[in-house]
Amino acid sequence: MKKIAILTTVFFTMFAVSTSFAQKVVKKTTTKKTTVVKKTTPAAAGKVSAVTLEQGKQLLTKNDCLSCHKVDVKNVGPAYKDVAKKYPATAANYEKLTQKVIAGGSGVWGDVPMSAHPSVPPADIKKMVQYILSLK
Ligand code: HEC
């Protein structure tokens, strides 16, 4: 009888340990999956994050951009909404327009040139361009 009692205890202990271990493994896998999904969704959609767009909006006011540009109407430079209509929000256009703002120049919208912006960090200009192209 004693042997049976000991064997039963050992069996239940092993069962308990293996069950709780199994639960831990399941929990771990579930958390991992949730994290991965959250991380990949915005990138997969190819969208610029709301934080970046907000930073781009703020940067426009901190730099000289709004002295020549308005969002809705043409000023010295084209309205930002017209720029957004002309260029779809793609990686290639972000790059192209970032280079244009750095170098300045004329010819696309008329004869009036845009001043060059060599001292503004290119990463900041890209955020402003991303914000401008989000204005539809
Ligand atoms: C001195 C006035 C002036 C300032 C300051 C200025 N712009 Fe411009 N911008 C223009 C003009 C004029 C054009 C049209 C250029 C052309 O026809 O090629 C233009 C064009 C653009 C375009 C479209 C370029 C293209 O090739 O279609 C973008 C984007 C732009 N500006 C963003 C900015 C940003 C961002 C800033 C601030 C860092 C800025 N601009 C500051 C006058 C200005």
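Which of the residues belonging to the stretch 83-94 are more than 8 Å from the ligand (Cβ to nearest atom) and either without any contact (Cβ under 8 Å) to a residue 24 or more places away in the chain or open to solvent by less than 20 Å² (accessible area, probe 1.4 Å) (or both)?
Correct list: A84, T90, A91, A92.
Could you list, in sequence order, the residues of the stretch 100-112 that are of a type outside the set (A, V, I, L, M) and within 6 Å of the ligand (Cβ to nearest atom)?
Across the stretch 100-112, the qualifying residues are K100, G105, S106, G107, W109, G110.
Evaluate the following for V71: is it under 24 Å from the mean Cα position of the chain (by Cα) and of a type in the set (A, V, I, L, M)?
yes
Report, by residue number, each residue of the stretch 97-119 that is assigned to a loop (DSSP other than H, G, I, E, B), open to solvent by 40 Å² or more (accessible area, probe 1.4 Å) and in contact (Cβ under 8 Å) with a residue 24 or more places away in the chain.
W109, V112, S115
Looking at the stretch 76-83, is at least one residue out of contact with any Pro (no Cβ under 7 Å at 6 or more places or on another chain), small (G, A, S) and within 16 Å of Q55 (Cα to Cα)?
no
Out of the stretch 67-82, which residues are in contact (Cβ under 8 Å) with a residue 12 or more places away in the chain and either near the ligand (Cβ under 8 Å from one of its atoms) or of a type in the set (A, V, I, L, M) (or both)?
Within the stretch 67-82, C68, V71, V76, G77, P78, Y80 meet the criteria.
Looking at the stretch 78-96, can you tell me whether even one residue there is in a loop (DSSP other than H, G, I, E, B) and touching a Gly at 6+ places or on another chain (Cβ under 8 Å)?
There is no residue in the stretch 78-96 that is in a loop (DSSP other than H, G, I, E, B) and touching a Gly at 6+ places or on another chain (Cβ under 8 Å).
The values are calculated or read from the model by the stated rules, or taken from the named source; none is laboratory data. Predicted model only: the values in this text are computed from it and were never measured. Every residue, glycine as well, gets a Cβ built from its backbone with ideal geometry; the counts of neighbours run over all protein chains shown. The protein model used for the area step is the full one, side chains on, heavy atoms only, and it has no ligands, DNA or RNA in it. Shrake-Rupley method; radii C 1.70, N 1.55, O 1.52, S 1.80 Å.
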